[in-house]
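The values are calculated or read from the model by the stated rules, or taken from the named source; none is laboratory data. The structure displayed is predicted, hence computed values, not measured ones. Every residue, glycine as well, gets a Cβ built from its backbone with ideal geometry; the counts of neighbours run over all protein chains shown. With ligands, DNA and RNA removed, areas are computed over all heavy atoms of the protein, side chains included. Shrake-Rupley method; radii C 1.70, N 1.55, O 1.52, S 1.80 Å.
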Amino acid sequence: WHGSLNAIDATSGYWVQSNEIQNLGVCGSFTEDVLYTLHGANNLISYPYSEEQYIGDALPDNMEGEIYAIVGEGVAALNLNNNWLGSLQKFYPGNGYWFARSAHAENIEFSYEAPENEIHVADERDFNESSVVPIEYQYSQSTKQGFYFVESLSIEEELIHNENWIIAYNNDTVVGARLWSGSFTDVPAMGDEGSLATVGYMQTGNIPSFKLL
């Protein structure tokens, strides 16, 4: 391993890039009550518990107003008046998350609330996180990703329902897709990170187009 990253710590989240689908085992001791320091703008941090939790349960009450969005791998949540909207509703073991704050926010420390009851990861997951994108509209996960929250849809003489997909394009290239789940559905748009899998994806300044399937 070469570069400035030479150790993994309990507070940080990490992007792991793989050449193929495989299981990743991490060796170490379980940890609890991790103390995090959030700076202004974006923070990529861990989730330390072995049980999943809803965002509102996991964050202390005084923290919810400090964070305006949380982003995971292909999922996002937007904080509107302390209500979390979007496909990301829970924190899951083994995942890292971007906590988005205002650029000039002062540093703040916090620890997640410990789960009250054990919830197995294999139990029911959130609807949007488990939905399989139709094969012709599938796309590659990128470390460069943006999200568009759709508050409402209006199409003449056509009923919008939860079997409709919103597909994001950069020109003719599919860069994201999300099953419509009501107001403030979040639609991902993946960016070109320089890999073969993301050729033709979004570049800085590009504006995606959206289609309803």
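Considering only residues that are more than 15 Å from Ser111 (Cβ to Cβ) and part of a loop (DSSP other than H, G, I, E, B), look in the range 31-48 and name the one that is nearest to the chain's Cα centre (by Cα).
By that ranking, first place goes to Ala41.
Looking at the range 197-213, I want the residues that are without any contact (Cβ under 8 Å) to a residue 40 or more places away in the chain and have a partner that is in a loop (DSSP other than H, G, I, E, B) with Cβ atoms under 8 Å, at least 6 apart or on another chain. Which pairs are those?
Short answer, once both residue conditions are applied: Val199/Asp192; Gly200/Asn171; Gly200/Asp192; Gln203/Asp192.
If I ask for residues that are open to solvent by 60 Å² or more (accessible area, probe 1.4 Å) and in a loop (DSSP other than H, G, I, E, B), which ones from the range 95-118 would you list?
Asn95, Ser102, Ala103, His104, Glu106, Asn107, Glu113, Glu116, Asn117, Glu118
In the range 82-92, which residues are under 15 Å from Asp57 (Cβ atoms) and either surrounded by fewer than 17 Cβ atoms within 10 Å (Cβ to Cβ) or among the hydroxyl-bearing types (Ser, Thr, Tyr) (or both)?
Asn82, Asn83, Tyr92
Say we look at the range 26-54 and pick out the residues that are of a type in the set (Gly, Ala, Ser) and open to solvent by less than 70 Å² (accessible area, probe 1.4 Å); which of these is modelled with the lowest pLDDT?
For the range 26-54, the residue satisfying everything is Ser50.
Anything in the range 1-15 that is in a loop (DSSP other than H, G, I, E, B) and surrounded by 10 or more Cβ atoms within 10 Å (Cβ to Cβ)? List them, or say none.
Hits for the range 1-15 are Ile8, Ala10, Thr11, Gly13, Tyr14, Trp15.
Being of a type in the set (Asp, Glu), surrounded by 18 or more Cβ atoms within 10 Å (Cβ to Cβ) and either within 30 Å of Val150 (Cβ to Cβ) or at pLDDT below 95 (or both), is that true of even one residue in the range 61-71?
No - not one qualifying residue is present in the range 61-71.
Residue pairs, Cβ under 7 Å, 6 or more apart or interchain, first in the range 81-94 and within 16 Å of Gly13 (Cα to Cα), second among the polar types (S, T, N, Q) and assigned to a loop (DSSP other than H, G, I, E, B). List them.
Note: pairs meeting the criteria are Pro93/Ser50.
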